[in-house]
Structure formats: structure tokens, C-alpha cells
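Data first, discussion second: the structure below is written as C-alpha cells.
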Amino acid sequence: MAKKVAVVAIGGNSLIKDKQHQTIEDQYLAAKETTLHIADMIESGWDVVIGHGNGPQVGFLLQRSEIAHKVENMHEIPLDVCGADTQGFIGYALQQTLQNELKRRGIKKNVATVITQVEVDVKDEAFKSPSKPIGGFMDEAEAKKREKEQGWNIVEDAGRGWRRVVASPLPMRVVELEAVKTLVDAGVTVISVGGGGIPVIMNTDGDLIGTAAVIDKDYASSLLAQVMKADLLLISTAVEKVAINFGKPDQKWLDKITLAEAKQYLAEGIHFAKGSMAPKIQAIIWFLENGGKEALITNPENIGRALKGETGTRIVLK
């Protein structure tokens, strides 16, 4: 029987439920809950590649780094290294909890995390107008000093202080693609493109170097699904279904829409928030336009039901 391959992109809510549950232990328990639903997919015959967000975790790491620098004059951690660091921690939590769950079910399947670099174009327009806030707030004096000495892009944030912003370029290439493919072909469940991948650019010598940027994890998961020729792109988020006219009297939950309808709703610009649902819909459009067959959006606890067609929002070609 031919393999069914799904790329599953899990959001930040799959690791941090709320502000009262942010410790490492809390995140581990949240990962455990999420991997129960991934195990259901595997048990039903899917080969799964897992992508995940890392925004809050990178934020925590940057703040620890900033505090350690101020208090103990320790070296600060570059943003690309923060990406690698959080890929390792989150991958560890996901692979261990998933391995334990598969063992309980008597399923003999290995799980592995691939620390993944994703190449971006140094000429991407996003580098000309960085807009993604990272790290903690600063006063104006520190902000100006950082801007001058370290070349940071700094913005004032609605009266709350000054903050660093970085670019969010589009992903071009999953550097470790062949390794991921080899593992999936060998029956391994793979965790990859964590946090959208570690952003790297290619220099004039053809070498890869890390760059201070943030890649959207849904776009990176979409790219991975395309090049893996996955049967399904599943985006796991905070809502059971997608709605148009959300919060209005004519709100409508979407069970199934076509690629053309998804493009129309996105183009109308009133249905999907730019910082949350819009990039998910765009990532799915990109996947379907480049060989993808179908996509699903739902929350973690409804993955099993969504795969059976009982809930979630399914996006298909026609």
C-alpha cells in the first residue's frame, strides 16, 4: 500500500496554553497532549512530518540572554542560534512524548528531530523593511546605542518602549530536505522546519551563514509539504474551524472550500487577520498551487475527527 504523507504544522498553543502555563514542565505536558493526536494519525496509517512554531520560546531565550548580559556581562545569543536552540528543546519534547505514546500503543516507529536550516533570499523585500518584533523592550538610550553599535533596526512600540524588529522573508529552500526524505522513506516520524527553520543566506562563496530573521512556520511547512510531495498539509491552530465574517452577525463557519474560494476570501481582506489566519490560508494556497492535493485547518484535539471529515476546514483544489 502506498504511503500517505502528511506535513503537520502545530502552532504555539500546542506548547504554551496561556500565560499561567509557560514553564518547561508546562510546555512538556502540552507537547504530550498534542502528540497524542499525532499518534492517532500514525496509528491510522499516516507518515507524518511535524513542523512547529517557536515564537514564545525564542522570546524567552532572548530575554534570558539580555538579562544575563546586563547582570553578568555574558555574551548575548544571536537570533539564528536561538532558533537552533529552540528547535532542539521543542524537538526533544515532541519526540520523547510521541515515542512514549507510540510505545504504549505497541507501534514500533522511530521519531527524530532534524535541526533544519531554511535558505532565504538576501534580496527579499522583507529585509528592506523589517517588521517582526523580537526580544524585550528598551529605553530610548539603549535602543539608539544598539542601533549604532550592532546595526539593529529599532522601532518605538505604542508608548511601551523601544524594540528590535527583524525581517520575515519567504522560505526558498529546506537545506536538510534529503535527510528528511531519507528518514521518512525509512519509516521515521520526523520533526523539521521548527519555528520556520533557521534562516540562512548563501554568500558569494556559496557558503550558508545564519541571518537575523524570522520565517513564518506555516510558510516553511507549506514549502516542506510541496517538496516532499505530501498528500496533506494539516495546520493545527487554536480554532476548530475557519470562519468568514468572524464575530459578525453573518459569521459563517467553513467546512470545505476550494482553492479558488480560499483565494477570493483572502483577497477580500476582511476575513482573516494578518497576524494569525491570513498566513495559514496563504500557506495552503501556495501548497495547493504547487502540486498539493488537500489541506486541513483545525485544533489539536480535533485532528482525528477532522481527518474523518467530521470537523475542521478542508481546502481542496476544486
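All of the numbers you see were taken from the coordinates with simple rules; none came from a lab. On a predicted model such as this, the values are computed, not experimentally measured, just so you know. Note: ideal-geometry Cβ built from the backbone for every residue, glycine included; neighbour counts use all protein chains shown.
Please count, across the range 64-158, the pairs of lysine residues with Cα atoms under 23 Å apart that sit 8 or more places apart or on different chains.
So the count works out to 11.
Figure the gain on full extension for LYS4 and THR258 (residue separation times 0.36 nm, minus the Cα-Cα span) and round it to one decimal in nm.
Taking LYS4 through THR258 to full extension adds about 89.3 nm, to one decimal.
If you build the Cα gyration tensor of the chain and take the root of 5 times each eigenvalue, what three semi-axes come out, in whole angstrom, biggest first?
Numbers: eigenvalues 201, 110, 80 Å².
The three semi-axes for the chain are 32, 23, 20 Å.
Rounded to the nearest 10 degrees, what's the angle between the helix 259-268 long axis and the longest principal axis of the chain, both from Cα atoms, 0 to 90?
Taking Cα atoms only, the helix is inclined about 40 degrees.
Peptides 298-306, 65-73, 239-247: what's the order by average Cβ count within 10 Å, highest mean first? Intermediate values should be presented prior to the final figure.
Numbers: 298-306: 19.2, 65-73: 12.1, 239-247: 16.1.
Taking the mean over residues of other Cβ atoms within 10 Å, the ranking is 298-306, 239-247, 65-73.
When the Kirkwood radius is taken over all Cα pairs of the range 166-318, what Stokes-Einstein diffusion coefficient follows at 10 °C and 1.306 mPa s, in µm²/s?
On the way: Rh = 16.6 Å.
After rounding, the answer is 96 µm²/s.
Would you mind ranking THR258, THR313 by Cβ crowding within 10 Å, fewest neighbours first? Intermediate values should be presented prior to the final figure.
Working: THR258 13, THR313 24.
Fewest to most other Cβ atoms nearby, the residues stand as THR258, THR313.
Name the long-range amide H neighbours of GLU294: under 5 Å, sequence gap of 5 or more, or other chain; modelled H, no Pro or chain starts.
Here the answer is LEU233, since their amide H atoms fall under 5 Å of that of GLU294.
Could you work out how much longer the chain between PHE246 and MET74 gets when fully extended? Use 0.36 nm per residue separation minus the Cα distance between them, nm to one decimal.
Extra length from PHE246 to MET74 when fully extended: 57.2 nm.
Fewest to most neighbouring Cβ within 10 Å: what's the order for ARG146, ARG164? Could you put the intermediate results ahead of the total?
Details: ARG146 17, ARG164 23.
Taking fewest neighbouring Cβ atoms as first place, the list is ARG146, ARG164.
If amide H atoms are built 1.01 Å from N in the plane of the peptide, which residues on other chains or at least 5 residues away come under 5 Å of the amide H of ASN54?
Those lying under 5 Å, H to H, from ASN54 are GLY195.
What net charge do the residues around GLN63 carry, taking every other residue with its C-beta under 13 Å from that of GLN63, with Lys and Arg at +1 and Asp and Glu at -1? Could you put the intermediate results ahead of the total?
Working: positive: ARG64, LYS70, ARG163, ARG164; negative: GLU66, GLU76.
Summing Lys and Arg as +1 and Asp and Glu as -1 gives +2.
May I ask you to list the aspartates and glutamates whose Cα is less than 19 Å away from that of LYS19, ignoring any residue fewer than eight positions away on the same chain?
GLU33
I want to check the label-to-label distance for LYS132 and ASP40. Put each point 7 Å from Cα in the C-beta direction and report it in nm to one decimal.
Distance between label points: 3.1 nm.
List TYR265, TYR219, TYR92 from most exposed to least, where exposure is judged by having the fewest other Cβ atoms within 10 Å.
TYR92, TYR265, TYR219
Testing the spin-label approximation: label points 7 Å from Cα along Cα→Cβ at LYS308 and GLN96. State their distance in nm.
3.3
Through the Karplus equation 6.51 cos²θ - 1.76 cosθ + 1.60, θ set to phi - 60°, convert the phi angles of the range 62-78 into ³J(HN,Hα) values in whole Hz; use x for Gly and Pro.
3J(HN,Hα) across the range 62-78, in whole Hz: 5, 5, 4, 4, 5, 5, 4, 5, 5, 7, 10, 6, 6, 5, 8, 9, x.
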